[in-house]
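This report refers to the structure that appears directly beneath it.
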Amino acid sequence: MNTKIVIIDDHQLFREGVKRILEFEPTFDIVAEGDDGCEALNIVEEHKPDVVLMDINMPEKNGVEATRDLVEKYPDTKVIILSIHDDENYVNHALKTGALGYLLKEMDSDALIDAVKVVAEGGSYIHPKVTHNLVAEYRRLANAHGTGFQQTEVRRPLHLLTKRECEVLQMLADGKSNRGIGEGLYISEKTVKNHVSNILQKMNVNDRTQAVVSAIKNGWVEVR
């Protein structure tokens, strides 16, 4: 079955751009659009979408407030926040309200499509740049509270991952997108996606962020 998508964003040109990107994916159906969080509840009630792409900054009701209301009334609806803010406070606040995804508006088309697919299947997706900032904040807080997050050496998990998968995991921790990883390792984005999928499966985690946090805790990647 196709994934039904609603786009809520007060900038029409941006909304149209997102719509055109998603329409290239044959399994996606854009069933409705809106330009403010106040409309979100009515639109979701009428169209019963699988995924809602929600702008975080809107004039009447912002995306975080709208997401909270949506998740409370329609818990099966999955929300991805669209934002210009990469600050961890924005991210944490959005995720606490029930959003399953957080994308920066500087995203490329592949990241947008990947995010919708992952979230539609019940996973979570956070923009790679945001993941890197969250990891940096995690490290800062751990050091500030004396929890021993001082990295002395990196022990690559060659008992679990291949050498290439270890390289991809490091680049995930560096905040690289699939395209950035592909360019850095001279491999295709499709190959990168396969490596990431294998890493998640082998590490028994649901998404890239969990993989990076787990890798840092285990000393498997360099934090820089």
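Computed over the chain, relative contact order equals 14 percent, with contacts defined as Cα pairs under 8 Å that lie 6+ residues apart. Projected over every direction and averaged, the convex hull enclosing the alpha-carbon atoms of the range 168-212 yields 2.6 nm². Oblate is the label for the range 6-86, because a/c, from the alpha-carbon gyration tensor with a ≥ b ≥ c as root eigenvalues, is 1.5 or above and a/b does not exceed b/c. Which shape class, rounded, prolate or oblate, goes with the range 1-135 when its Cα gyration tensor gives a ≥ b ≥ c as root eigenvalues, a/c under 1.5 marks rounded, and past that a/b bigger than b/c marks prolate? Judged from the Cα gyration tensor, the range 1-135 comes out rounded (a/c under 1.5). Of the listed residues Glu222, Glu165, Glu25, the order by accessible area with a 1.4 Å probe, largest first, is Glu222, Glu25, Glu165. In this simple spin-label model, placing a label point 7 Å from the Cα along the Cα-to-Cβ direction at both Asn62 and Cys38 gives a separation of 1.8 nm.
Taking a straight Cα-Cα cut-off under 22 Å and skipping sequence neighbours fewer than 8 places away in the same chain, the lysines within cross-link reach of Lys176 are Lys105, Lys117, Lys129, Lys163, Lys190, Lys193, Lys202, Lys217.
The values are calculated or read from the model by the stated rules, or taken from the named source; none is laboratory data. Values in this document were obtained by computation on a predicted structure and should not be read as measured data. With ideal geometry, Cβ positions are generated from the backbone for all residues, glycine too; neighbour counts draw on all protein chains shown. SASA here: full protein model, heavy atoms, side chains in, ligands and nucleic acids out. Shrake-Rupley method; radii C 1.70, N 1.55, O 1.52, S 1.80 Å.
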